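Undergrad: Provided herewith is a single structure, encoded as structure tokens, for subsequent inquiry.
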Amino acid sequence: MIRSVVLGSGAAKPRTVVTNAELATKIDTSDEWIQQRTGIKQRYIAEPDETTASLGEAAARAALADAGITVDDIDMILLATSTPDNTFPATAVNIQDRLGMKHGAAFDLQAVCSGFVFAITTADNYIKAGRAKRILVIGAETFSRILDWEDRTTCVLFGDGAGAVILEAQEGVGLSNDRGILTSHLRSDGSHRDKLYVDGGPSSTQTVGHLRMQGREVFKHAVAMITDVIEAAFEETGLTAEDIDWFIPHQANRRIIDASAKKLNIASEKVVLTVDQHGNTSAASIPLAIDVAVSDGRLKEGDLVLLEAMGGGFTWGAVLVRW
Ligand code: ACO
């Protein structure tokens, strides 16, 4: 059977780091409060010349270089983002143009913090259906542009950045020791959409709007939703928490990550944690964390990796992939 194998990965961060202490000089907060509640120590914030497209392009170029291929070898670009440069066209076509790619197709996909998991699942299904040989999947965000910097309950949580992976069709035998994506499970429940949303948009207010969140409500649902979908992935493959080499969750909040790992019996040394360095970068957080684990030598070919995310909508999902 056809498997979608990760051929390469890369990431890009804005130039500017903003520490909790720096934030505390502008808004009524403290390093202690932010670290205790979220585990975040710093985040990267885009300068005016840095956009979702420019960060996405840089991450894509890094992933292409890591895979040892050029844009001519790519059939499709999928960009997961909730912070596009324009309402339309899709930021993915801007990235396509920046990369000098004239063939194939590029489009955006929007599932907020679960965007990368939704995009990699979509790409996997194009590949398994034989409709594409290699797909560039990017998660890129400039959440700093939709934050209300007067609202200390949200603005301290998020950051900007981008990450990318390249998936390639390769033959597998259909067993769980195949390389590539082994299973993926996506969910959404729109009845929760008022718990985490942006209070603007083209057809409602004709403005971009600002992020609004009922933090406690999100927290309340997060662990149950995350663990439910991961258990479905385990059930389908017959794999267990013990088989996992690396758990790479969406990086929203250290307390959510720790509680999820504990409930699933995933050992803490298997958890890739980057929320302290990046903050919550929404759809970019998983590929940014992948880049960290690949760059520091932890994540190697053959490792079994569990990706998971939950976000606005609510949307949530899990992917099991053998590197
Ligand atoms: N600095 C200092 N004090 C603050 C800040 C801040 N930045 N923000 C809020 N406070 C104060 C509040 O005003 C409140 O003060 P009061 O008790 O005098 O009224 C106090 O801190 C507690 O506020 P809560 O909102 O109850 O704080 P809580 O412990 O719930 O933590 C948080 C807030 C961190 C947002 C938490 O609810 C959370 O982690 N929620 C999960 C949401 C999340 O991570 N979302 C990310 C996006 S969704 C996703 O990606 C999955």
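The values are calculated or read from the model by the stated rules, or taken from the named source; none is laboratory data. Just so it is clear, the structure is predicted and the values come from calculations on it, not from any experiment. Heads up, the Cβs are rebuilt from the backbone with ideal geometry, glycines too, and the neighbour counts pull from every protein chain shown. Accessible surface areas use protein heavy atoms only, side chains included; no ligands, DNA or RNA. Shrake-Rupley method; radii C 1.70, N 1.55, O 1.52, S 1.80 Å.
Undergrad: Could you please report the charge total around S204, scoring K, R as +1 and D, E as -1 over all other residues with beta-carbon less than 15 angstrom from its beta-carbon?
TA: On the way: positive: R193, R212; negative: D194, D199.
Once positives and negatives cancel, what remains is 0.
Undergrad: So, with +1 on the Cβ of K and R and -1 on the Cβ of D and E, and no other charges, what is the size of the charge dipole of the range 199-323 about its Cα centre, to the nearest 20 debye? Please report the intermediate quantities before stating the final value.
TA: Working: 11 positive and 17 negative charges, 100 e Å.
Using only the charged Cβ atoms, the result is roughly 480 debye.
Undergrad: Please report, in debye to the nearest 20, how large the charge dipole of the range 198-241 is about its Cα centre when each Lys and Arg carries +1 at its beta carbon and each Asp and Glu carries -1 there. Write out the running numbers ahead of the final one.
TA: Details: 3 positive and 6 negative charges, 70 e Å.
With only Lys, Arg, Asp and Glu charged at Cβ, the dipole is about 340 debye.
Undergrad: Using mean Cβ contacts within 10 Å as the protection proxy, how do 246-253, 268-275, 222-229, 23-30 order, highest first? Display every interim value, and only then the final one.
TA: Working: 246-253: 26.2, 268-275: 17.8, 222-229: 19.2, 23-30: 13.2.
Descending packing order for the listed peptides: 246-253, 222-229, 268-275, 23-30.
Undergrad: Continuing with this model, one more query. Over 37 Å apart: what share of the alpha carbon pairs of the chain falls there, rounded to a whole percent? It would help to have the intermediate numbers written out before the result.
TA: On the way: 5175 of 52003 pairs.
Result: 10 percent of Cα pairs exceed 37 Å.
Undergrad: Counting only residues 5 or more places away or on other chains, whose amide H sits under 5 Å from the amide H of G161 once H atoms are built in the peptide plane?
TA: Amide H neighbours of G161, under 5 Å, 5+ apart: E141, F143.
Undergrad: Could you compute the net charge surrounding A80? Neighbours are other residues with a C-beta less than 13 Å from the C-beta of A80; K and R count +1, D and E count -1. Let's see the in-between values first.
TA: Working: positive: none; negative: D108, E141.
Overall, the nearby charge balance is -2.
Undergrad: Tell me the net charge near R298. Cut-off is 14 Å between Cβ atoms, R298 excluded, with +1 for each Lys or Arg and -1 for each Asp or Glu.
TA: Values: positive: K270, K300; negative: D245, E269, D291, D296, E301, D303.
Value of the local net charge: -4.
Undergrad: May I pose another question? Between A224, G100, I256, whose Cα lies farthest towards the positive end of the dipole of the chain when Lys and Arg beta carbons carry +1 and Asp and Glu beta carbons carry -1, centred on the Cα centre?
TA: Looking along the dipole axis, the top candidate is A224.
Undergrad: At a threshold of 8 angstrom on Cα-Cα distance, excluding pairs fewer than six apart, so keeping six or more, what relative contact order does the chain reach in percent? Write down the numbers at each step before the final one.
TA: Working: 801 pairs, mean separation 83.3, N = 323.
Dividing the mean separation by the residue count of the chain yields 26 percent.
Undergrad: Could you tell me which of G297, I286, P202 has its Cα farthest along the dipole of the chain towards the positive end, charges placed at Cβ (Lys, Arg +1; Asp, Glu -1), taken about the Cα centre?
TA: P202
Undergrad: Using packing as a proxy for protection, rank 301-307, 283-289 so that the peptide with the highest average count of other Cβ atoms within 10 Å comes first.
TA: The most tightly packed comes first, giving 283-289, 301-307.
Undergrad: Now a separate question. Could you look at the range 210-323 and say what percent of its accessible area is carbon and sulfur, using a 1.4 Å probe and all protein chains?
TA: Details: 1990 of 4220 Å².
C and S fraction of accessible area: 47 percent.
Undergrad: Compute the distance from the alpha-carbon center of the range 97-158 to that of the range 240-258, in whole Å.
TA: 21
Undergrad: Report relative contact order for the range 180-322 in percent, whole number only (criteria: Cα-Cα under 8 Å, sequence separation at least 6).
TA: 38
Undergrad: Taking the solvent-accessible surface of protein heavy atoms with a 1.4 Å probe, what is the per residue accessible area of the chain in Å²? Don't jump to the answer; show the numbers that get you there.
TA: Details: 13410 Å² over 323 residues.
Roughly 42 Å² per residue, with all protein chains present.
Undergrad: While we're here: In the range 2-171, what percent of the accessible surface is made up of carbon and sulfur (1.4 Å probe, ligands and nucleic acids excluded)?
TA: Values: 3300 of 6820 Å².
Here it works out to 48 percent.
Undergrad: Do any of K13/K300; K13/K262; K270/K300; K220/K262; K220/K263 go past 18 Å between their Cα atoms, and which?
TA: Details: K13/K300 23 Å; K13/K262 30 Å; K270/K300 13 Å; K220/K262 16 Å; K220/K263 14 Å.
With Cα atoms farther than 18 Å apart: K13/K300; K13/K262.
Undergrad: List the residues, sorted by chain then number, that are 5 or more residues from V198 or on another chain and whose placed amide H is less than 5 Å from its amide H.
TA: Result for V198 returns R212.
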